[in-house]
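All remarks here apply to the structure that follows.
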Amino acid sequence: MTDIVELDLAHAGERVTGHGLDAWFAEARELVKLAGPLALTQLAQMAIMTTDVIMLGHLSTQALASAALGNTVFFFTWLIGCGPVAAVSPMIAHILGAQPKNRAGVRAAVRMGFWSVLSMSVPLIVLLLFTQPLLLALGQKSELAAGAGRFVTVLCWGLPFSLGYQVLRNFSTALSRPNASLIVMVLAIGFNFCGDYALIFGHFGAPKMGLVGAGLASASSYTFSFLAMVGVVWLTPGLRKYRIFRRFHRPHLEKLLEVFRLGLPIGMTMIFEAMLFNSATLIMGTFGTAAVAAHMIALNVPSITFMVPLGIGMAATVRVGLAAGAGDGEAVRRAGYTAIFMGGAFMCFTAVLLWVFPREIATVYLANAVAGADVIALAVLFLHVAAVFQIVDGIQVVGALSLRGLKDARAPMWIAGASYWLAGFPVCIGLAFGLHMKGLGIWIGLAFGLLVAAAAMCWRFWYLSRER
């Protein structure tokens, strides 16, 4: 049979239909077109976080460790708020897959995404103001808890702006306009660097504020990103025509319920994974400042490499969602499998880099490599483990986000909970304390949890896409 490939042009991009090898190549091209800017946006966002880590590492090891603990608490609240926000992208993809000209439906989904941000930000900010007593209750050292409390007390005011930016980003991504968020993130890199340099160290006539300055710079960067994204949406004709702020006060109960019904399990899925890593940070705090600093360095590096498969997975959400909205089961499978292969292939390359150059990578993060020799030695050990779990980490995130494109949220939530907390966490505790492996045991447990998650997420996508 002759291969047939058709590209159905919609507002959200081109949906590949047809059969054969040509259709797979066409899908790969569409995926790369969308995933490339998304991955660059994620890398730009990590560049901002890496700037914070490096500058605080040059301030002091204690400042780096305090910020690591503070960011652990902040990130937990961010994930709670980000769950409903993450539902916006698959909702729009399904709407446009079924009805490419349904602007009212898209507008309602975005509007209810903003409503979820407004409803959740106040209680989350209140929780963040109690960071210091929370960390003390979790057994953290008093000086690190105090520093983390000062850091988060300022940082927390950027939370609603960060979540609002994510709503706009998911809106532009679902419409295959990923360059909008990329432009904003590139601008935010420079803004954040100047803010860190000025407020942490007291340059450009600003006071030297240390940890508090780092929190203020990050909060200001979140605000800048949101406002810049609003401007980019307004200046982009393909986005402006949806008039997303029109009748902002008007509720749409069906879409609001879907935002929370789909978004809360998505949020819990992210929390299960992220809090395994954040719990590892808290456990590292019981092993001393050097262990926390090394863990922060080693965690930052695979977090950077993770951004590429994350961008591929975000593109897969849209590609799978478009196909699912149109009722095309073959296109669903093709989009998901193409993305999973690409994510795993990229992480094979980064695994080699982390295995061969761990010491050179770790040294970048400290001003005095000799004084921080104990930190570097631990970081090298952790980076070797990170090299081993690179491939499964890439596969599990693309698999999970492909399932999100099918609006399958509850099963991935249970998979994540079981993989990370019934498999990964007991291994972390058993190796770290039972076999006295400390930090190395923690990292081996993290790798095991990711392996289980990758296998389960891929099986779930195969099972659901087969039924279609």
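The values are calculated or read from the model by the stated rules, or taken from the named source; none is laboratory data. Quantities reported herein were computed from a predicted structural model and do not represent experimental measurements. In this analysis, Cβ positions are derived from the backbone assuming ideal geometry, glycine residues included, and neighbour counts consider all displayed protein chains. Heads up: the accessible areas ignore ligands, DNA and RNA and are worked out on the full protein's heavy atoms, side chains in. Shrake-Rupley method; radii C 1.70, N 1.55, O 1.52, S 1.80 Å.
Using a 1.4 Å probe, what is the accessible area per residue for the range 112-251, in Å²? Can you show the working numbers first?
Working: 6030 Å² over 140 residues.
Ligands and nucleic acids excluded, the figure is 43 Å² per residue.
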Next on the checklist: From the helices alone, meaning DSSP H stretches of at least four residues, give me the mean residue ellipticity at 222 nm for the chain, per-run term -39500 (n - 2.57), in deg cm²/dmol to the nearest 500.
Outcome noted: -27500 deg cm²/dmol
Checklist entry - If you rank L118, L403 by how much accessible surface each has, with a 1.4 Å probe, what is the order from largest down? => result L118, L403
Checklist entry - Taking the Cα atoms only, what angle lies between the long axis of helix 329-356 and the longest principal axis of the chain, rounded to 10 degrees? => result 20
Item to check | Compactness of the range 180-258 - radius of gyration and Dmax, Cα, Å | outcome: 17.3, 52
Checklist outcome for this item: For the chain, the dipole about the Cα centre with charges only on Cβ (Lys and Arg +1, Asp and Glu -1), to the nearest 20 debye, works out at 1340
Checklist entry - Listed highest first by mean packing, meaning other Cβ atoms within 10 Å per residue, what order do 202-210, 384-392 come in? => result 384-392, 202-210
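Find how much the distance from W459 to V126 grows on full extension, using 0.36 nm per residue of separation minus their present alpha carbon separation; answer in nm with one decimal. Please report the intermediate quantities before stating the final value.
Details: separation 333, 0.36 × 333 = 119.88 nm, distance 3.99 nm.
Contour length minus the Cα-Cα distance gives 115.9 nm.
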Checklist entry - Plugging the Kirkwood radius over Cα pairs into Stokes-Einstein for the range 298-446, at a temperature of 20 °C and a viscosity of 1.002 mPa s, what D comes out in µm²/s? => result 127
Checklist entry - Which Cα, out of V320, P309, G267, lies furthest along the positive dipole direction of the range 223-334 (beta carbon charges, K/R +1, D/E -1)? => result V320
Next on the checklist: So, for the range 33-105, what is the accessible surface per residue at a probe of 1.4 Å, expressed in square angstrom?
Outcome noted: 29
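Given a 1.4 Å probe and every protein chain left where it sits, what share in percent of the accessible area of the range 207-283 is carbon and sulfur?
On the way: 2480 of 3630 Å².
Taking all protein chains in place, the range 207-283 shows 68 percent carbon and sulfur surface.
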Item to check | Among 26-35, 319-328, the order from most to least packed when residues are scored by Cβ within 10 Å on average | outcome: 319-328, 26-35
Checklist entry - Using a simple charge model, +1 on the beta-carbon of Lys and Arg, -1 on the beta-carbon of Asp and Glu, nothing else, what dipole does the range 79-211 show about its Cα centre, in debye to the nearest 20? => result 440
Next on the checklist: Report the per residue volume, in Å³, of the convex hull enclosing the C-alpha atoms of the range 397-468.
Outcome noted: 64
Next on the checklist: How big is the dipole moment of the range 209-288 about its Cα centre under a simple scheme where the beta carbon of each Lys and Arg is +1, that of each Asp and Glu is -1, and everything else is neutral? Debye, nearest 20, please.
Outcome noted: 660
Checklist outcome for this item: Out of M437, P237, Q62 - ranked by how far each Cα lies towards the positive end of the dipole of the chain, with unit charges on the beta-carbon of charged residues - the top one is P237
Next on the checklist: I'd like to compare 181-193, 151-163, 79-91, 353-365: which one has the highest average count of other Cβ atoms within 10 Å, and what's the full order after that?
Outcome noted: 79-91, 151-163, 181-193, 353-365
Checklist entry - With each label point set 7 Å from Cα along the Cα-Cβ vector, what nm distance links K241 and A373? => result 6.5
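To the nearest 0.05, what FRET efficiency results for E254 and W234 with a Förster distance of 30 Å applied to their C-beta separation? Can you show the working numbers first?
Numbers: r = 27 Å, r/R0 = 0.91.
Calculated transfer efficiency: 0.65.
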Checklist entry - Among Q132, W24, F224, whose Cα lies farthest out toward the positive end of the dipole of the chain, if unit charges sit on the beta carbon of Lys, Arg (+1) and Asp, Glu (-1)? => result F224
Next on the checklist: Counting only protein heavy atoms and a 1.4 Å probe, tell me what percentage of the range 77-140's accessible area is made up of carbon and sulfur.
Outcome noted: 70
Checklist outcome for this item: Heavy-atom accessible area per residue of the range 264-411, all protein chains kept, 1.4 Å probe, expressed in Å², is 31
Item to check | Share of alpha-carbon pairs per 10 Å distance bin for the chain, given as whole % | outcome: 5, 20, 32, 27, 13, 4, 0, 0
Next on the checklist: So if I take the centroid of the Cα atoms in the range 390-462 and the same for the range 85-132, what is the distance between those two points in Å?
Outcome noted: 26
Checklist entry - Largest first, how would S221, S303 line up by accessible area (1.4 Å probe)? => result S303, S221
Item to check | the chain - percent relative contact order, Cα under 8 Å, separation 6 or more | outcome: 21
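Can you give me the % of accessible surface on the range 352-438 that is carbon or sulfur? Probe 1.4 Å, all protein chains present, nothing else counted. Intermediate results must be reported in sequence, preceding the final value.
On the way: 2830 of 3850 Å².
Carbon and sulfur: 74 percent of the exposed surface of the range 352-438.
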Item to check | Spread of Cα-to-Cα distances over 10 Å intervals beginning at zero, given as percent, for the range 395-437 | outcome: 27, 37, 22, 13, 1
